[in-house]
Amino acid sequence: MTSLSNRRDFAIDRCLFQPEHDQYRDAVRRFVASELTPHHAAWEAAGIVPRDIWLKAGEIGMLCPSVPEEYGGFGGDWLYDVVAIEELARAGITGPGFMVHSEMVAPYILAWGSEELKRSWLPRMVTGEAIGALGITEPGAGSDAKEIRTRAVRDGDDYVIDGQKTYISNGQLADIVVLACKTDPAAGARGVSLIAVETDSSGFERGRNLDKIGLKAQDTSELFFSGVRAPVANRLGEENRGFAMMMTKLAQERLTQAVRSICVCEAAIDWTVDYTRERKAFGGTLGDFQNTQFVLAGLAAETMAARVFTDWCVERFMAGALTAVDAAKVKLVVTDLHCKVVDRCLQFFGGYGYMTDYPIARAYIDARITRIAGGAAEVMKQIIGRDLYS
């Protein structure tokens, strides 16, 4: 697999990173090659990864690298997270669910958790001793938060929680779930609160590990809550402000998906160039054909344009200036391209492309979720369209 430093078609000057980010990238890349890649196929077959790999990732600072030192992290900027996302994506690693843990759960706790909650959980999330999950989606509520049915009723110093969540990444392993609950059912989306629920609580139950078409190594679960008591101190931010908090963090989640997707585009083109350069057909190689060169040339041009757009959005995010609309645009454009690139590239592999021994086949299988997770493509278009007509 071609590394980031010697990719042939995407040698743009990425001014985002400093030497310390490059050193971190080298460490992450070595870890991915030695500790993740050799075992990933077995994890896909099992549908889950062992907890010890989380501890190993924690040892090299791969989990929650931007968490401040006072909470156990090393206080890096978000570019360290970007490096980790990129190296996992380029190697085709879809499990364990580090991205959910570091980019979705920890930021909620860091931004809105009480001091006690942060000091209790963030250090353990940094080391991998504790694994986080984000519990928003329900059987009858996906992108539409006002349809959430999980209830949290105040009872003295606790909330009593009843309900169900589904499609929850890290659900089988999670020690803490940032849970979206209705605390004011009559208020629709304005009646949602976020509560950190510990999974050793009485009344909490994990459902089955869901069988998905892709992301096979990342455990994904149903979660059930029956009279679960969570301290009011575990609420994130103010009561009934959960929807506003989710909207704030969704921009980061959508950019994170774009960062991952653009790396898969680049890697898939590299794999295909290497394969077609060697694959013999009709007295030459597949790479000798004009069709091969033209298709890959078009994909390479689109991918470079999307790379520049993605890096621009990363810069905007780092400056605190990435808007929800721009996050929707980059997710829409790059995830659409992701699906297009792996589909077109797989075609050049012929029957081999249908075999999951090949990275391109696994990339094709894993690509489809990108147009759904973090907000479906249609929701992204709605956000962009509303902005056009505002």
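The values are calculated or read from the model by the stated rules, or taken from the named source; none is laboratory data. Bear in mind that the values here come from a model prediction, so they are computed numbers and not experimental data. A quick note on method: Cβ atoms are made from the backbone with ideal geometry, for glycine too, and the neighbour counts reach across all protein chains shown.
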Going by the structure shown, is Glu44 in contact (Cβ under 8 Å) with a residue 40 or more places away in the chain and among the charged types (D, E, K, R)? yes
I'd like to know if the range 21-33 contains one or more residues that are among the polar types (S, T, N, Q) and modelled with pLDDT of 95 or more. yes
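Inside the range 97-176, counting only strands (runs of 3 or more DSSP E) that do not spill past its ends, which hold 2 or more residues that are at pLDDT 95 or above and acidic (Asp, Glu)?
Values: elements: 132-135, 151-155, 158-169.
Once the strands (runs of 3 or more DSSP E) in the range 97-176 are filtered for at least 2 residues that are at pLDDT 95 or above and acidic (Asp, Glu), what remains is 158-169.
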Would you be able to tell me the number of residues in the range 279-293 that are touching a helix residue (DSSP H, G or I) at 6+ places or on another chain (Cβ under 9 Å), part of a strand (DSSP E or B) and not hydrophobic (A, V, I, L, M, F, W, C)? 2
Matching residues in the range 362-390 - criterion: being among the polar types (S, T, N, Q) and either within 20 Å of Glu138 (Cα to Cα) or modelled with pLDDT of 95 or more (or both): Thr370, Gln382
Of all residues making up the range 25-48, the number that are under 15 Å from Arg362 (Cβ atoms) and among the polar types (S, T, N, Q): 1
What number of residues within the range 348-390 satisfy the criterion of being touching a residue at least 12 places away in the same chain (Cβ under 8 Å), closer than 22 Å to Asp326 by Cα and among the small types (Gly, Ala, Ser)? 6
If you take the residues in the range 93-116 that are buried (at least 22 other Cβ atoms within 10 Å of the Cβ) and either among the small types (Gly, Ala, Ser) or free of Cβ contacts under 8 Å to residues at least 40 places away in the same chain (or both), which one is farthest from Ile131 (Cα to Cα)? Gly113
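Would you tally the residues in the range 339-353 being farther than 15 Å from Phe289 by Cβ and either surrounded by 16 or more Cβ atoms within 10 Å (Cβ to Cβ) or not small (Gly, Ala, Ser) (or both)? Step through it out loud before you land on a result.
Initial filter on the range 339-353 (farther than 15 Å from Phe289 by Cβ): 339-343, 346, 351-353.
In the following step, the residues that additionally are either surrounded by 16 or more Cβ atoms within 10 Å (Cβ to Cβ) or not small (Gly, Ala, Ser) (or both) were identified as 339-343, 346, 352-353.
Result for the range 339-353: 8.
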Has the range 57-74 got any residue that is in a helix (DSSP H, G or I) and within 30 Å of Ile269 (Cβ to Cβ)? yes
Search result, residues across the range 195-212 that are in contact (Cβ under 8 Å) with a residue 40 or more places away in the chain and in contact with a Lys or Arg (Cβ under 7 Å, 6 or more places away or on another chain): Ile195
Could you give every pair whose Cβ atoms fall below 7 Å, whose first residue belongs to the range 133-160 and is in contact (Cβ under 8 Å) with a residue 12 or more places away in the chain and buried (at least 18 other Cβ atoms within 10 Å of the Cβ), and whose second residue is assigned to a loop (DSSP other than H, G, I, E, B) and of a type in the set (Ser, Thr, Tyr), counting only separations of at least 6 or pairs across chains? Glu138/Thr150; Ala152/Thr183
So which residues in the range 304-352 are assigned to a helix (DSSP H, G or I), among the polar types (S, T, N, Q) and either under 23 Å from Ala376 (Cβ atoms) or modelled with pLDDT under 95 (or both)? Thr310, Thr335
